[in-house]
Amino acid sequence: MITQSYQVKGMTCGHCANAVSTEVGAIPGVTGVNVDLASGAVTVTSNDPVDPERLRAAVDEAGYELVAP
């Protein structure tokens, strides 16, 4: 199991966190997503490393910006 943390810019409420969690959680191989709204941190647990471009696309689809790790 692999755990990676990222920063997401633009989240301001619980709906924002839920949208990011839903989109990132839909990436194949992702087994868990934890969003810390206060810090903008998103922790992703997966079976294999997540392709950064897939992650960026999922965060973009939710309407937010993935800050470069």
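Taken together, the criteria exclude Glu61 from residues that are of a type in the set (Asp, Glu), in contact with a Lys or Arg (Cβ under 7 Å, 6 or more places away or on another chain) and open to solvent by 40 Å² or more (accessible area, probe 1.4 Å).
Candidates are the residues of segment 13-35 that are outside any helix (DSSP H, G or I) and either touching a Cys at 6+ places or on another chain (Cβ under 7 Å) or without any contact (Cβ under 8 Å) to a residue 24 or more places away in the chain (or both); the one that is surrounded by the fewest Cβ atoms within 10 Å (Cβ to Cβ) is Pro28.
Of the residues making up segment 43-62, those that are outside any helix (DSSP H, G or I) and at pLDDT 95 or above are Thr43, Val44, Thr45, Ser46.
The values are calculated or read from the model by the stated rules, or taken from the named source; none is laboratory data. All of these numbers come straight from a predicted model, not from anything done at the bench. All Cβ positions, even for glycine, are placed from backbone atoms using ideal geometry, and neighbour counts span all protein chains on display. Quick note on the areas: whole protein, heavy atoms, side chains included, nothing else; ligands and nucleic acids left out. Shrake-Rupley method; radii C 1.70, N 1.55, O 1.52, S 1.80 Å.
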